[in-house]
Every structure is written in C-alpha cells, then in structure tokens.
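Right, one structure below, let's go through it.
The values are calculated or read from the model by the stated rules, or taken from the named source; none is laboratory data. All figures in this text were calculated on a predicted structure; none of them were measured in a lab. Ideal geometry is used to build each Cβ from the backbone, glycine not excepted, and the neighbour counts take in all protein chains shown.
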Amino acid sequence: MKAPALVALGASVALALAGCSGGTSGTATTPGGSSSAPSQSAAAPVTMTFWHNSTTGDGKKYWEDTVAAFTKEHPNVTINIQAIQNEDMDGKLQTALNSGQDPTIFMARGGGKLADVVAAGQVMDITDKIAPDVKTALGDGIFSAFTVGGKIYGMPTSVLPGGIYYSKDLFKEAGITALPTTFEELNAAVAKLKAKGISPIALGGKDAWPAAHWYYFMALRDCSKDVMDKAAAEKDFSDPCWLKAGEDLKAFADTDPFNKGYLTTSAQQGAGSSAGQIANHKAAMELMGAWEPGVVKDLTPDKKSLADLGWFPFPAVSGGAGDPTAMMGGSDGFACRQGAPAECVDFLNFMANKANQEGYAKAFQTLPANKDAKGVVTDPALQDVLASYDKAAYVSLWLDTMYGQNVGNALNGGVVNMLAGKGTAAEIVAAVKTAAAKG
Amino acid sequence: MILAGPAILMFLAFVILPVFMAAYYGFFKWKGFGVPTNFVGFQNYITIFTDQNFLDALTHNGMIVVMSLIMQGPAAIAFALLLNQNIKGRSLIRVLIFVPYVISEVIVGTGWSLMLQYQGALNDLLTNLGMGWATADWIANPNTAIWTLMVIISWKYLGFAVILMLAGMQGIPDELYEAAAIDGASYWRIQRWITLPLLGPTVRVWAFLSIIGSLQLFDLVYIIWGQYVSSTAGTSTMATYMVREGRLAGNYGYGNAVAVAIFVISLVIALTYQRFVLRRDTEGALTDGPERKAR
C-alpha cells in the first residue's frame, strides 16, 4: 500500500516527495498532501509527523498542548504526534530515516550521534532559520551541542548539567556541615557517612554510563579546556590527563564509597536502583544530570518530590588542569529532517519561546534552554544547579555524546572494567583507541 | 510444489536475504544512516578475531556449551528415570520440573538478578541463617559469575531435557523390558543395557539443541548483567558482544560482520555435529543414503 503511493508521488512531484511522504503515509487527513511545497501560499495544507519520548504523564500532555497551540496559530498545519519509548527511539529513527518514512520533527541529543545523521544528509541545516529573538533568548553556547561543522542542526529545549545530588537529612545525620568542594572534603564526608552506617554514594553501574560519568567528570577537572576540545575534534586521548583521570577515579573507588553491589545496580529502575536509593534515603549522594529530581520524584514512596534533595558541583581534583567551575551536561532538543517544510522550523521556534519553555520546565521538572523561562524553576536543587551553571567558566557536553557512540561505548566498558578490578586506567584510554578500528 | 511457494518466498525474504544483507554490510564501516559507502573489505573480520573481548565471549560460549551438556544431560536422564516409574505425585513433579522452561526469559532473568544481587534475597537468607561467610557478589564477581549463569541455565532448561528424555523412554517397547526381567536382569542392568542405548537418538538430538542454544545464548545474560557488565563479569557471549559493539556503539557495519561470524561458527559446528554424530539417526530422512531404497 505504501510503495505504490510513494511511486505515484515520486512520479508527479519528485521534490515535494521529501517534504511530505513521511507525514502522509497512512494517517494523512488532508487530501493532496503533495501541495505542501514551502514555496506555495501559507494557507496550503501541511502535514508533519513529530516524534518525542514522553510516553506518559505531564510530558506527554505538554507536547499535546504545545502542538494544539501551534496548529491553532497555523490552521493549515496538521501535526501527527508519536510518543516513542526513549530506549526505542534511536533504533526506530534509524529504520525510519533509511526507509524514507521518517518523521518531520524528531528528538535529537546532539554531539557525535547527530553528526552521524548529518553526515548521511538526513537532517536539515537550520542555522539561518532560527528566529533572532529565540537565538538571543537561548544564547550561543547552548547551540554548540547541535552544531556540526559550523552549522546548527537542532533546537535545544533543555539544559541538563550534571553534579552531585545529596540528601540534606542524611548529611545532617552524619554531621556534615559544609558541602565538599574538593576531593579531600568529599573523602571526609564519605568517611562520616560510613561511620553512621549510611551508604555514601549510589552508583548504577549495571547501566555503565553512570559509572562512566564519574570518569568524565574526573577528566573535566583533570584536563584543560584545550585538551578536551582537541579530543573532541581529533579523537586524540594521548594527553596524560586522561590517564590521571582514570587513576584519580581508581584511587577514589578504592576508598569504597559506592553502594554495595553497585556493578549490578541499575540507574533508574525501581527502589533498588541508584536513583531509588536516593529517593528512599538508602544512600546519601549520586552523581547525575539535571533530570535527577524528576526521576527521584517518581521513585519516592508517595511519588512526590524529595523534600531534602540538594545539589553541589563536582569537587575539585588536586593537580587538575581543568577549571573548577566548569560544568558538564547535555541538552535535549529537536531537529527537522532534510527537506522538511518551512513550518517545521516554525514549530521549532515556537517550542523554544518563553511561554512554551516555561511549560516545558514545569512538565519535565528540569532546566529550560530559554534563559527567559528560568523563572519557573522552583526546585531548590535545580536552583542551585542554575546558579552554578550561570557562573561556569565553560560547559562541556557529556563526553559520550560529544565523542559519539563508538568512543562512548568504549569508555563505558573501560570504566566498568576498572571499577571491577579487571582493568587499569591505562586500559580505558587503550579501549578508546581500539574502538576506532570498529567504526 | 505450488503450495510450497509462499513458504519458500517467506523463507527467502526473511532468512536467506537477511543473511546476505548482513554479509554485504559486514564489508563496510557503516554508522547505520544512509547507504554504506566506506568499503573496508575483510578489515572488520580481522578486527573481530583480534579483539580480546570477542575471544573471551567465544570462550564463554564454549564453556557454556560443554558445561550445559555435562550438567544437564546426566541430571535429565536421572530425573526421567525417576519420573518414568509409578511414583506418587508423578504428574505434579513433571509439571513443576517443566515450569521454568515455560516462563519467559525476561521474567527469569529479572527474578534471578533481584535474588542474587549483593543486597538481594539469597545473601539476606544466608546471613539470617548465620552463614554470613557464604555471602558473595554472585553476579558481579568475575570468579563466580559464570557458575551463577550455569546454575540459572540448568534450572531453566533442565525441564525441557527431562521431557525429551521421558518421551524417548516411553518410545522404548515394553517387550524388551519384560524379556530382560524374565531373564532375571536387575533394574540397573536393564537401564544400562536397554534404556540408555535405545535413548541414544533422543540424547543426540537433545545435545544438538542444547549446543545450538548455548551458542546463541543472549537474553538471560543481557537481562541479568545488562549492556556492559557481562564482559566484565566474564559471562559475555558472542550475541551480547554483537549488540554491544554493533548497536550500542553505533557501528552497524561491524555488528553485521559479527553476526556473520556467529552464523558461520554456528553453522560449522552444526554441520560437523550432523555429519559425525547425528548421521545414523537422520540417515534416510535428511540424506539420500542408499539405505533409503532398501527400506
């Protein structure tokens, strides 16, 4: 059924095919979808598909409301929403892009993964299409995650800087009065918590990336900005700071700060997960991104926000070349596929405006990309994140996102091996090199 | 012949074609987006067989093949002998032994991983029994993890082996047992010289299924150990390696090459087994042996 439709369309308007075939397959209600070429009058009907990853609750409702508000302003536009389970997103997107049944608007997290899609020529360059007021409100820095070869390919919707979330009650119980700013102080805090029989740090090692984040943050403190930029551009990990980061992490792990059995602890699933241990006061700290308050909220016994959840930046490492105020984080955002109608970018600009970003921050309990919308952030931990974020010397993207899946995969494996006592810090760096042979 | 057409078409489209597609993609460095263009010849295959992680996974597969046969075979025959007699509650025991095989791998994996975690039920039980010294990190400790896996596999698949053996035993004619009993043979002599030899075809077919299953083992490992820890804990298999280095790393060309490598390894082992072990069982059925006409 789909194939003949494609052939017919292709025969009549080859160029418009790219603009609408994905949207019109099966679900189109507007007749003559082929008239959606951007050059025609604004009233011409346009149908687009929109993929996001919020399958339940406030997030799902937020996108439904946002789309409804947009189509009210643009009566000629129809947007078919498809909420896709986060873990299925990459695979489905890949299949859809290769089959030509791709969504018009899809979720993107930037970095190396986006670069792969860009290299295949399947995502739209929106550099000159971003509305000037949106660009000012979001600031230049945040677009770096979605910039490939000097061109912007995605619209960020959130900033997700990482740091250490902790339980204020458990810190009080252990007699920790000042928040750790250096690793010496963190070690002292860990010792105090242990003395009280409290599991100091929760770590979801089974999912590997939470363990790798410890390595990334060590590298952020140990390596200078120049070295990290060089690694991003040339995949060059020869600077000794990469080794030192591994050794620093190993030394810290040897003090046994993580929850027992952390290698088989998952990150976000159920009360036994690392986030669940924070939610149920079974552990005092966890290194996480800005999505943590929302995740913890779902895992508390009464599904309410954890009242005593606090936040402090990753502590400074002695002898590190990185700026101690530097932060690391990611950004969720959205992209248009190559050849999408002009209304696609209109929608991206629409979702990034102040009102929609305020709604976004509330629905997802996170930090909005639009600086004007930050007034709605009420969670005290997130307010602390925001304060540090505004003061940060620079913000690095998560290393696995920045370097791409292949290197990220090798880093994940290498860090888990080292923590389990099966590998060394040098083998983390070596694993990154052998990964290059596979991709 | 015409009626077989749709089946042949389906087989070609969903079995044969994907194999050739995988072989094609395996010659490229390919990120999965667009058409593969970076042709690298056999480079992926060279990388596979020089990657210590793959060789480790291959070793684990080999161990699982051998240990499955050693652990499950004798136990299955013993259980089948027991259940082949008129004992009380026989049907109930048969059902209970078969239950693990029926439960989905996902549920089995999740359940066992919850019980065997460091702070899971097993360690709690041991501590409460005053056997705190026996607690261990059953899943994550590289020294014990593979044995934990073997226990779970045996528990899961023993029921299937028992059912097969039972069926094999029921197919042995009663006259042989009666004749032996009249001749005054003891129970154990009867089992040794009548049951075991006549159970041969069943054992050989079961072993074949077990070997193939062990080579393809994926779901239990992936669920219990997750995406990365299986390699660290020493329980990774060729299939988990394929997912990790192919899908998770975004190296789809390399992943396809790994799939082809697994296919070839499994095929060689399967054909060898067919040729040397299953030959006398399948003669006439799968091969065009001269005996076919004679019968």
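Here is a check on your reading of the model: is B:Phe263 over 27 Å from A:Gly423 (Cα atoms) and over 18 Å from the mean Cα position of the chain (by Cα)? No. Where strands (runs of 3 or more DSSP E) fall entirely within segment A:260-375, those with at least 2 residues that are among the aliphatic types (A, V, I, L, M) are at A:283-288, A:327-336.
Run down B:Thr235, B:Thr202 and say which single residue is more than 14 Å from every other protein chain (Cβ to nearest Cβ) and hydroxyl-bearing (Ser, Thr, Tyr). From the options B:Thr235, B:Thr202, the qualifying one is B:Thr202. Here A:Thr424 clears all of (1) polar (S, T, N, Q); (2) over 21 Å from A:Pro210 (Cβ atoms); (3) surrounded by fewer than 22 Cβ atoms within 10 Å (Cβ to Cβ) except the condition numbered (2).
The residue of segment A:120-150 that is farthest from the chain's Cα centre (by Cα), among those that are within 14 Å of chain B (Cβ to nearest Cβ) and modelled with pLDDT of 85 or more, is A:Gly121.
Checking each residue in segment B:90-115 for being touching a residue at least 60 places away in the same chain (Cβ under 8 Å) and of a type outside the set (Phe, Trp, Tyr) picks out B:Arg94, B:Ile97, B:Val99, B:Glu105, B:Val106, B:Val108, B:Gly109, B:Thr110, B:Ser113. Residue check: is A:Asn353 within 14 Å of another protein chain (Cβ to nearest Cβ) and not acidic (Asp, Glu)? Spelling it out, it is not the case that A:Asn353 is within 14 Å of another protein chain (Cβ to nearest Cβ) and not acidic (Asp, Glu). Taking every residue in segment A:46-68 that is touching a residue at least 12 places away in the same chain (Cβ under 8 Å) and over 18 Å from A:Val345 (Cα atoms) and pairing it with any residue that is of a type in the set (Val, Ile, Thr) and outside any strand (DSSP E or B), at least 6 positions away or on another chain, the pairs with Cβ-Cβ distances below 7 Å are A:Asn53/A:Ile84.
Going residue by residue through segment A:215-231, is there one that turns out to be more than 14 Å from every other protein chain (Cβ to nearest Cβ), surrounded by fewer than 24 Cβ atoms within 10 Å (Cβ to Cβ), charged (D, E, K, R) and not in a helix (DSSP H, G or I)? So far as segment A:215-231 goes, no, none of its residues is more than 14 Å from every other protein chain (Cβ to nearest Cβ), surrounded by fewer than 24 Cβ atoms within 10 Å (Cβ to Cβ), charged (D, E, K, R) and not in a helix (DSSP H, G or I). Here A:Pro301 meets the list (1) within 20 Å of the chain's Cα centre (by Cα); (2) under 19 Å from A:Ser199 (Cβ atoms) almost entirely, failing just condition (1). Considered as a group, the residues in segment B:214-232 that are within 11 Å of chain A (Cβ to nearest Cβ) and among the aliphatic types (A, V, I, L, M) include one that is surrounded by the most Cβ atoms within 10 Å (Cβ to Cβ), and that residue is B:Ile224. What are the residues in segment B:22-34 that are within 12 Å of chain A (Cβ to nearest Cβ) and farther than 14 Å from B:Gly246 by Cα, if any? If the condition is that a residue be within 12 Å of chain A (Cβ to nearest Cβ) and farther than 14 Å from B:Gly246 by Cα, then B:Gly34 is the only one that fits. Of all the criteria given as (1) under 25 Å from A:Lys113 (Cα atoms); (2) within 14 Å of chain A (Cβ to nearest Cβ), the one not satisfied by B:Phe49 is (1). When segment A:263-278 is limited to residues that are surrounded by 24 or more Cβ atoms within 10 Å (Cβ to Cβ) and among the small types (Gly, Ala, Ser), the one that is farthest from the other protein chains (Cβ to nearest Cβ) turns out to be A:Ala275. For segment B:37-44, does any single residue satisfy the condition of being β-branched (Val, Ile, Thr), within 14 Å of chain A (Cβ to nearest Cβ) and crowded, with 18+ Cβ neighbours inside 10 Å? So far as segment B:37-44 goes, yes, one or more of its residues are β-branched (Val, Ile, Thr), within 14 Å of chain A (Cβ to nearest Cβ) and crowded, with 18+ Cβ neighbours inside 10 Å. Among residues of segment A:183-198 that are under 15 Å from A:Lys282 (Cα atoms), those with a beta-carbon under 9 Å from a residue that is charged (D, E, K, R) and in a helix (DSSP H, G or I) at least six positions away or on a different chain give the pairs A:Leu193/A:Glu173; A:Lys196/A:Glu173; A:Ile198/A:Glu173; A:Ile198/A:Lys192.
Of everything in segment A:402-417, what is in contact with a Ser or Thr (Cβ under 8 Å, 6 or more places away or on another chain) and under 15 Å from A:Ala219 (Cα atoms)? Give them in sequence order. Within segment A:402-417, A:Met402, A:Gly408 meet the criteria. Of the residues making up segment B:79-119, just one is modelled with pLDDT of 90 or more and of a type in the set (D, E, K, R), namely B:Glu105.
Taking the criterion of being among the basic types (Lys, Arg) and part of a loop (DSSP other than H, G, I, E, B), the only residue of segment A:233-259 that qualifies is A:Lys235. Listed here are the helices (runs of 4 or more DSSP H) enclosed by segment B:164-281 that have at least 2 residues being at pLDDT below 95 and farther than 28 Å from B:Ile70 by Cα: B:174-182, B:252-276. Of the residues that make up segment B:41-58, is at least one at pLDDT below 90 and under 30 Å from A:Leu97 (Cα atoms)? Yes, some residue in segment B:41-58 is at pLDDT below 90 and under 30 Å from A:Leu97 (Cα atoms).
Within the set B:Thr135, B:Thr110, the sole residue that is farther than 29 Å from B:Met238 by Cα and within 11 Å of chain A (Cβ to nearest Cβ) turns out to be B:Thr135.
Rundown of residues vs (1) touching a residue at least 12 places away in the same chain (Cβ under 8 Å); (2) farther than 27 Å from A:Tyr215 by Cβ; (3) surrounded by fewer than 18 Cβ atoms within 10 Å (Cβ to Cβ), yes/no style:
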{"position": "A:Gln357", "(1), (2), (3)": "yes, yes, no"}
{"position": "A:Thr366", "(1), (2), (3)": "yes, no, no"}
{"position": "A:Thr378", "(1), (2), (3)": "no, yes, yes"}
{"position": "A:Ala381", "(1), (2), (3)": "yes, no, no"}
{"position": "A:Val385", "(1), (2), (3)": "yes, no, no"}
{"position": "A:Lys391", "(1), (2), (3)": "yes, no, yes"}
{"position": "A:Tyr394", "(1), (2), (3)": "yes, no, yes"}
{"position": "A:Trp398", "(1), (2), (3)": "yes, no, no"}
{"position": "A:Val407", "(1), (2), (3)": "yes, no, no"}
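Would you say B:Val102 is among the hydrophobic types (A, V, I, L, M, F, W, C) and under 24 Å from B:Ala239 (Cβ atoms)? When the stated conditions are applied, B:Val102 passes them. May I ask you to verify whether A:Val117 is modelled with pLDDT of 90 or more and within 14 Å of another protein chain (Cβ to nearest Cβ)? Spelling it out, it is not the case that A:Val117 is modelled with pLDDT of 90 or more and within 14 Å of another protein chain (Cβ to nearest Cβ). For segment A:295-308, the criterion of a residue being closer than 26 Å to A:Ile164 by Cβ and crowded, with 22+ Cβ neighbours inside 10 Å is satisfied by at least one position. The set of residues from segment A:234-261 being at pLDDT below 90, buried (at least 16 other Cβ atoms within 10 Å of the Cβ) and within 12 Å of another protein chain (Cβ to nearest Cβ) comprises just one member, A:Gly261.
Of the residues in segment B:117-135, at least one is at negative phi, crowded, with 17+ Cβ neighbours inside 10 Å and in a helix (DSSP H, G or I).
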